[in-house]
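Novice: Take a look at this one; I'll ask things after.
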Amino acid sequence: MGGSNAAPAAHSTVDKQAAGKAALAAYSGYLAASRVASARSDPGHPELTRFLADPLLTRVRVAIREAKEHGAMRTGRLVSDPTVVSVDLAAHPPIVEIQDCLDATGYQLVYAKDRRVVPGTRGGRYLATATAARYPDGRWLIKAGAAHQDQPC
């Protein structure tokens, strides 16, 4: 009795740490890809599908498309400091929840033609949350994300 078959559903700390690391890498990739796609006003940018899944993928594409239609683009630097808040490897699919304090002070929505800041777009530091899921092909992708601009950090 005993041995490794005692608790087949238990996931080791090592598994959870590896999942957290992979999810954070996907999250960083997502921020970088959406920054590049936004700067180029390209909702079909191939990097987006490397790190994003629906429903967030569609939401990001729509936001980029809308900005483009209004002649706006994102510019500057977004500073991110994400942490893993929970790992659930027993879920289907396995899920990692991420919390971030985004500093968007130098990251602005501007008009493409004259780089004027679009009115009503706030920068500052605020809480952001994201959900990463492991897909059947083994990739961790960010499938949900929210910016909580009313919650400074």
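The values are calculated or read from the model by the stated rules, or taken from the named source; none is laboratory data. Computed from a predicted structure; not experimentally measured. Positions of Cβ are generated from backbone atoms using ideal geometry, with glycine treated the same way; all protein chains shown enter the neighbour counts. For accessibility, only protein heavy atoms count, side chains too; no ligands or nucleic acids. Shrake-Rupley method; radii C 1.70, N 1.55, O 1.52, S 1.80 Å.
Novice: Of everything in the range 25-42, what is more than 15 Å from Ala128 (Cβ to Cβ) and of a type in the set (A, V, I, L, M, F, W, C)? Give them in sequence order.
Specialist: Ala25, Ala33, Val36, Ala37, Ala39
Novice: Moving on to the next point. Counting only residues that are touching a Gly at 6+ places or on another chain (Cβ under 8 Å) and open to solvent by less than 20 Å² (accessible area, probe 1.4 Å), give me the strands (runs of 3 or more DSSP E) lying completely in the range 17-110 with at least 1 of them.
Specialist: 95-103
Novice: Follow-up question, since we're still on this one. Limited to the range 69-92, what total is found for residues that are modelled with pLDDT under 90 and among the charged types (D, E, K, R)?
Specialist: 2
Novice: Would it be correct to say that Ala130 is in contact with a Ser or Thr (Cβ under 7 Å, 6 or more places away or on another chain) and open to solvent by less than 60 Å² (accessible area, probe 1.4 Å)?
Specialist: no
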